[in-house]
Amino acid sequence: MNNEATISHAIETLQNAGFYTGTLWSIHDVKHKFECTNEQAMEVLDYALTNEWVIEQIQYAIREIGNDMGLTEIVDEETGEAL
């Protein structure tokens, strides 16, 4: 299996398991902006994509879009707060 086929298979596997794969980041996204090693590029991606602000913004967007679509939020039975 060539690299492109391997990636396609991996994406299909993730999609079948319920993961969103519409946007995938790679070391090439970093290496187009900086001269760096693959390891350094992966470190940049790790810090960028696990940044607390980024995660909060994604969670906010998920809630806003779900509400805009008229979806019913799940509420924690003990606290009464939306999850």
Checklist line | the chain - mean residue ellipticity at 222 nm from DSSP helices (-39,500 (n - 2.57) per run, n ≥ 4, rounded to 500) | finding: -18000 deg cm²/dmol
Notebook entry, point to check: Over the chain, what per residue volume does the convex hull of the Cα atoms give, in whole Å³?
Noted result: 161
Note to self: Please list, in order along segment 71-83, the HN-Hα scalar couplings obtained from phi with the Karplus expression 6.51 cos²θ - 1.76 cosθ + 1.60 (θ = phi - 60°), rounded to whole Hz, x for Gly and Pro.
What the structure shows: 6, 8, 6, 7, 10, 5, 5, 7, 9, x, 9, 5, 7
Note to self: Below 8 Å between Cα atoms, with a sequence gap of 6+, how large is the relative contact order for segment 25-83 in percent?
What the structure shows: 18
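Each reported figure results from applying straightforward, stated rules to the coordinates on display, with no laboratory input. What you see is a predicted model, and the numbers here were worked out from it, not measured in a lab.
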